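Below: the structure, in structure tokens.
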Amino acid sequence: MTNFIVNTEDSKSSIKEIYSSVGDGDIILNPEYQRNYVYDVKRASKVIESILLDIPLPAIFANEEQDGSMEIIDGVQRISSIIKFIDGEYKLTGLDILSEYNDKSFKEFTQEQKRIFRLKNLRIIKFKKDCSEDIKFEIFLRLNQGSVKLNNQELRNCMYRGYFNSKIKEIAQTPLIKQMLNFDENKTNRYLTEEYILRGLMFLNYDSLINKKTLNVNMNELMRMFKNDKDSVDKIMKEYIEILNKIKIILGENAFNADFSSNSKIVASHYDSLLLVFKKYNKHSLIINKDKIKNTFKDIFKTANFIELTKAQSSSYKNVSLRAKLLSESISNLVIELDSKRNFTQKEKEELFNIANVCAICGNTIDNIKDANVDHITPWSKGGKTILENAQLTHEFCNKSKGNKE
């Protein structure tokens, strides 16, 4: 069992101290994972009124970084409202109790009112940097239950900022990802593309994980393992992109959608399974029968066996692997096993030339071996072997012309 270490510091800081720390960068108020400021003026004014009335605001939760700075996890909107008010970005409005403050900016406060306001305290609960990341993630998740705040992937952006996190966000903006993971950008789908990228990387690199637990814990662990490991991140990301490209070529850009239709939603169980299937196969071994493969997958997705594996624990690696195995077996007779040797050697070329220096395409003599090419009779891409029994000599020009026609 993971050794959860909870190490927090509960303190109070004045608005003056918080304002100064934000300006100095000791408090990171708007980290990259946070939404933009969403409070309207009326709601922000209510925050200021509560402070003036000494009504306790909910505690602010922060994460201590390795350099000692604090990153605000819960409370960004409240602190932003205070900062913006002090900076003169809005005037108070909609106040019911302190109605005399309506239409007042901070600049219009008296010196005494300004001083009293700045000395008001806010409660801050800080998770120390030596606190277990697993327990921090769980606590932050619970802070967000029952409200539309940060989702799992936004929390990961907070906890695992670094090269891996930045690379996921970079890849999420590429045309390939936007085509294949075509989620509607709305409040419900915040960071969903990034989460799917991480999800795919987790399944593709499952053997690298130390503690194989739930989907979320495994995704957290992968981010922790590769946080700033540039070489490993570049390697697994390259493989992921290559697999997506293969899937797009064979199944189209709607490969993860139900029935491969642009009008349907992405199905997580299809996405997970297809990644594992296409990791196994070479693009050329699938492309000759791609239409048959696509239709076969479409049928398998509707079978009772596949559907059964998407019910209980559908995101467990065991069930994802079983689904991938089912898909692989269904197309085993459609996969063209390619010869690992693709090109004929110079020695084989000379042997053919010495036997008969005649072009198999135009029927004319090949005067110089330098003008000759060795061509597969049954194309390599269709399973043809790179052996002399499947070889024919051609003019280089004739072979190129043949390729252009094909």
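The values are calculated or read from the model by the stated rules, or taken from the named source; none is laboratory data. Since we're looking at a predicted model, the values are computed, not measured. A quick note on method: Cβ atoms are made from the backbone with ideal geometry, for glycine too, and the neighbour counts reach across all protein chains shown. Surface areas here come from the heavy atoms of the whole protein model, side chains and all, with no ligands, DNA or RNA. Shrake-Rupley method; radii C 1.70, N 1.55, O 1.52, S 1.80 Å.
Exactly one residue among LEU201, LEU222 is farther than 20 Å from GLN173 by Cα and out of contact with any Asp or Glu (no Cβ under 7 Å at 6 or more places or on another chain), and that residue is LEU222. Only one of ILE116, ILE124, ILE48 is surrounded by 12 or more Cβ atoms within 10 Å (Cβ to Cβ), in contact with a Leu (Cβ under 7 Å, 6 or more places away or on another chain) and hydrophobic (A, V, I, L, M, F, W, C). Can you tell me which? After applying the criteria, what remains is ILE48. So is VAL76 of a type in the set (Val, Ile, Thr), surrounded by fewer than 16 Cβ atoms within 10 Å (Cβ to Cβ) and under 29 Å from the mean Cα position of the chain (by Cα) or not? When the stated conditions are applied, VAL76 does not pass them. So is LYS246 under 22 Å from GLN173 (Cβ atoms), free of Cβ contacts under 8 Å to residues at least 12 places away in the same chain, open to solvent by 30 Å² or more (accessible area, probe 1.4 Å) and part of a helix (DSSP H, G or I) or not? For LYS246, the condition - under 22 Å from GLN173 (Cβ atoms), free of Cβ contacts under 8 Å to residues at least 12 places away in the same chain, open to solvent by 30 Å² or more (accessible area, probe 1.4 Å) and part of a helix (DSSP H, G or I) - is not met. Please go through the range 31-54 and pick out each residue that is modelled with pLDDT under 90 and closer than 27 Å to ASN152 by Cβ. Listed by number, the residues that qualify are PRO31, GLU32, TYR33, GLN34, ARG35, ASN36, TYR37, VAL38, TYR39.
Every residue in the range 295-347 that is modelled with pLDDT of 90 or more, of a type in the set (D, E, K, R), under 25 Å from MET202 (Cα atoms) and not in a helix (DSSP H, G or I), please. Listed by number, the list is empty, since nothing qualifies. Here ASP291 meets the list (1) modelled with pLDDT under 95; (2) touching a helix residue (DSSP H, G or I) at 6+ places or on another chain (Cβ under 7 Å); (3) open to solvent by 60 Å² or more (accessible area, probe 1.4 Å) almost entirely, failing just condition (2). Taking the conditions (1) surrounded by 14 or more Cβ atoms within 10 Å (Cβ to Cβ); (2) within 22 Å of the chain's Cα centre (by Cα) in turn, ASP231 satisfies each one other than (1).
Give the number of residues within the range 297-329 that are open to solvent by less than 30 Å² (accessible area, probe 1.4 Å) and either in contact with a Cys (Cβ under 6 Å, 6 or more places away or on another chain) or not aliphatic (A, V, I, L, M) (or both). So the count comes out to 6. Looking at the structure I just gave you, is GLU351 farther than 23 Å from ASN295 by Cβ, over 49 Å from the mean Cα position of the chain (by Cα) and part of a helix (DSSP H, G or I)? When the stated conditions are applied, GLU351 passes them. Where the second residue is open to solvent by 70 Å² or more (accessible area, probe 1.4 Å) and the first is modelled with pLDDT of 90 or more and lies in the range 1-15, which pairs have Cβ atoms under 6 Å and are six or more apart or on separate chains? Short answer, once both residue conditions are applied: LYS12/ASN121; LYS12/ARG123; SER14/LEU119; SER14/ASN121; ILE15/ARG118.
Within the range 354-365, the set of residues being of a type in the set (A, V, I, L, M, F, W, C) and either open to solvent by 40 Å² or more (accessible area, probe 1.4 Å) or at pLDDT below 90 (or both) comprises ILE355, ALA356, VAL358, ALA360, ILE361, CYS362.
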